[in-house]
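The structure under discussion appears below in the form of structure tokens.
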Amino acid sequence: MPTPLQRVFVPRTAVLATALAFGLLCSGPVRAGGIIAYEVGTEDVGLAAAGYAARAGDASTVLTNPAGMTRLEGQQLLLGTQLLYSNLKFSPNSGTSPELGSKNGGHAAGFDGFFPGGGLFYTYSVSRDLKFGLAATGNFGAALKYDDDWAGRYHAKDVTLVGLSLLPSVAYRVTERLSLGASVNAMYGRLRNEVAINNILPGLSDGKLEIKDNKWGWGGNVGVLYEASPGTRLGLTYSSRVKLDFSGKANFSNLGPGLNALLASRGLLDAKVDLGVKVPQQLMGSFVHAIDDKWTVLGNVGWQNWKKFGQVQVSIDSSNPASITTDIPFKNTWHAALGAQYQLSAPWRVNFGVAHDSNFQPNGSTVSPSLPVGSAWRFGIGAQNTLRKDFSWGVAAEYMRGGDLKVNQQGSVPVALGGRGNLVGEYDNINTFFLSANFNWKF
């Protein structure tokens, strides 16, 4: 017969293991400053991430600021779930080479516009001042899948770059007001890049180039939380760069015999391609201030170091295959957010917020079809309910406006001679919607 300790520990261990698996499987890529997301199914969705590094109201602080764990008692488990929908769709214009056709590629983000997400967060109190935590989530990446016959198939077709993180964490209360925290970021990266190749011989369908790889990368997060007064907190968190050394063999298929021989003669057939990326370092400063027993205001200022990202575009001209990759330049981004919480009644709290992230591609609103991401405005609203002292839940929605993004990819070789051609047009009125639900247990 199990002891009382076993009866408590075994079920909680099973719940934790199941939720960890859920967090890793369902966490997915969404867009933020660059392609780092604030949305992982937690209460932050309804706040547009305002108060990100200072809120420390639940176990998601393991991700947002590990120092915030000192505010949590006992054991806490948070399961975040969300669904994203994006209307990302390309509209070619008259500048696009006629031979490429006029197909727009469909809803390219995720699975026909939809993508699941979420995360798992757990904290454990060793003592009043010493806390441990663990998070399993994915807040970095992008996933695009265009229709096979779209106009830009020789520039981009299927692009997946995802980072899933495990974050073991520790926090310590140094004084009554000051807490410090740190996490190890063990990130599992997955890369898949597929593009069509122009077979110019009559009767031949498009060829294909595919590169894929999986890699582990390592980094760290550190955080500071200062409680200036019982109702005012300041938080600062720093996340280090994580290097994902992707490299993979260039896998070609369905090539005409002439192109196959040409690629072999130039050393490109089965060549190993370096596609390493660096998840950028970032810094976030936040505040939380309770005006009275009803109203609380929250805000952020943040910075992300996208200049060192290193992403490349994969494609090739079949008539003059000189290179498989093309560098894409990036620039650093800035983030700002402001939000509020209103205690509607004893069990109910309402959240809302607005945020802005600057563009990480230096050519203004002109982007690559393999990474159509620019600046973004976020507008969030949500509600949290404390059902009982050991369980609460919440729902939230967020609207993210990405505006219009232009594409101007000029091919060096005409389509009729085996080139990629010119791809010119825009992604019109990009809108992304998030719906999330979170569930919080205290033991």
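Where a number appears in this text, it was derived from the coordinates with a stated rule and is not lab data. Bear in mind the structure is a predicted one, so any value in this text is a computation, not a measurement. Here Cβ is always computed from backbone atoms with ideal geometry, including for glycine, and neighbour counts include all displayed protein chains.
Return the sequence-ordered ³J(HN,Hα) values of the range 38-54 in whole Hz as given by the Karplus equation 6.51 cos²θ - 1.76 cosθ + 1.60 applied to θ = phi - 60°, using x for Gly and Pro.
Karplus values, whole Hz, x for Gly and Pro: 9, 8, 9, x, 9, 4, 4, 4, x, 9, 6, 6, 4, x, 3, 9, 10.
Would you calculate the convex hull of the Cα atoms in the range 79-150 and tell me its volume per residue in Å³?
Measuring per residue, one finds 107 Å³ for the Cα hull of the range 79-150.
Can you work out the Karplus-derived ³J(HN,Hα) for every residue in the range 106-116? Use 6.51 cos²θ - 1.76 cosθ + 1.60 with θ = phi - 60°, whole Hz, and x for glycine or proline.
Values per residue, Gly and Pro as x: x, 6, 7, 6, x, 9, 6, x, 9, 7, x Hz.
Using the structure shown, select from 89/307; 243/406; 131/442 the pairs with a Cα to Cα distance greater than 24 angstrom.
From 89/307; 243/406; 131/442, over 24 Å: 89/307; 243/406.
Arranged by the count of other C-beta atoms within 10 angstrom, fewest first, what order do 211, 291 take?
Placing the least packed residue first, the sequence is 291, 211.
Enumerate the calculated ³J(HN,Hα) couplings along the range 268-281 in order (Karplus 6.51 cos²θ - 1.76 cosθ + 1.60, θ = phi - 60°), each rounded to whole Hz, writing x wherever the residue is Gly or Pro.
Taking θ as phi minus 60°, the curve returns 9, 5, 6, 5, 8, 10, 8, 10, x, 10, 10, 4, x, 5 Hz for the range 268-281.
Largest first and in whole Å, give the semi-axes of the chain's equivalent ellipsoid, each being the square root of 5 times a Cα gyration tensor eigenvalue.
Computed over the chain, the values are 44, 22, 18 Å.
Round to the nearest 10 and give me the degree value, 0 to 90, for the angle of helix 4-26's Cα axis relative to the longest principal axis of the chain.
30
Considering amide H positions built from the backbone, and no H for Pro or chain starts, which residues 5 or more places from residue 370, or on another chain, come under 5 Å of its amide H?
For residue 370, whose amide H was placed from the backbone, there are no distant partners under 5 Å.
Would you mind ranking 161, 77, 130 so that the residue whose beta carbon has the fewest other beta carbons within 10 Å leads the list?
Result, fewest neighbours first: 130, 77, 161.
Given H placed on each backbone N at 1.01 Å, which residues far from residue 408 in sequence or on other chains put an amide H within less than 5 Å of it?
Placed amide hydrogens put 367 under 5 Å from residue 408.
In bins 10 Å wide, starting from 0, what share of all Cα pairs of the range 24-166 does each bin hold, as a percent?
12, 34, 25, 15, 9, 4, 1
Suppose we look only past 19 Å in the calculated P(r) of the range 227-286. What percent of the Cα-Cα pairs does that tail hold?
Of all Cα-Cα pairs in the range 227-286, 61 percent lie more than 19 Å apart.
Pull up all non-local amide H partners of residue 197: gap of 5 or more, or a different chain, and H-to-H distance under 5 Å with H placed in the peptide plane.
207, 208, 209
I need 170, 314, 184 ordered by Cβ neighbour count within 10 Å, fewest first.
Least to most surrounded, the residues fall as 184, 170, 314.
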